[in-house]
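The values are calculated or read from the model by the stated rules, or taken from the named source; none is laboratory data. Bear in mind that the values here come from a model prediction, so they are computed numbers and not experimental data. Cβ: placed from backbone, ideal geometry, glycine included. Neighbour counts: every protein chain shown.
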Amino acid sequence: MADPHVREALYRRLKAVQAEFGKARLELGMLLTVFKDNPEFWEGKAESFPAFLEEERIQSAAASQFMKVAKCLLFDFALSDTEIHEISTANFRILEQASKVMTKENRDDVLAIVASLGERDAREALRWYGLEDDEQKAAPSPVNGLMRRYRDLPDDQRLAFLQKVAPIKNGRRTHA
């Protein structure tokens, strides 16, 4: 069994690395936005910005996501270092969803949601601000769509669903 001090130190380091990773993605998004908006930064290295991304081994979908989030949070809303630190461990898909619904009026509420809630609960809370889940619309099959919707439910709604399904499951067991 590991020493409690070692476990705590490793946990603190895990959280620090997680925050550093989140901040690095925001910084990457900021830099890519600057590069995209200023072709002289990548000219001579590639024929186009998508070719530049490919040459630099940056996946274009991830780059697009990073740039959208950075544009909103760093350029449009100019988050402070403290605010960036508070949201740095959030799931990046949640940050992208937050950037789609954030306005001057709801800025503080959206940041609080992203900083304090887990992925499923944050996604549900952001829906209150008019966000529709594009992933659900694009589900390739009804079963995949249902499974994705289940995984996206907040914990209390998952529990309520499982309580409804359990009698059916138990009923089938007795007949088997």
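Worth a mention:
- Residue match in the range 14-25 (condition: crowded, with 18+ Cβ neighbours inside 10 Å, in contact with a Phe, Trp or Tyr (Cβ under 9 Å, 6 or more places away or on another chain) and over 30 Å from THR103 (Cα atoms)): no
- Identification of helices (runs of 4 or more DSSP H) wholly contained in the range 102-176 with 3 or more residues that are at pLDDT 80 or above and under 26 Å from HIS85 (Cα atoms) yields 107-116, 119-127.
- Only residues that are part of a helix (DSSP H, G or I) and within 20 Å of LEU31 (Cα to Cα) were counted across the range 83-99, and they come to 9.
- Any hit, the range 39-46, residues being under 24 Å from ALA125 (Cβ atoms), touching an Asp or Glu at 6+ places or on another chain (Cβ under 9 Å) and either surrounded by 12 or more Cβ atoms within 10 Å (Cβ to Cβ) or of a type in the set (D, E, K, R) (or both): no
- The set of residues from the range 69-92 being touching a residue at least 12 places away in the same chain (Cβ under 8 Å) and among the aliphatic types (A, V, I, L, M) comprises VAL69, ALA70, LEU73, LEU74, LEU79, ILE84, ILE87, ALA90.
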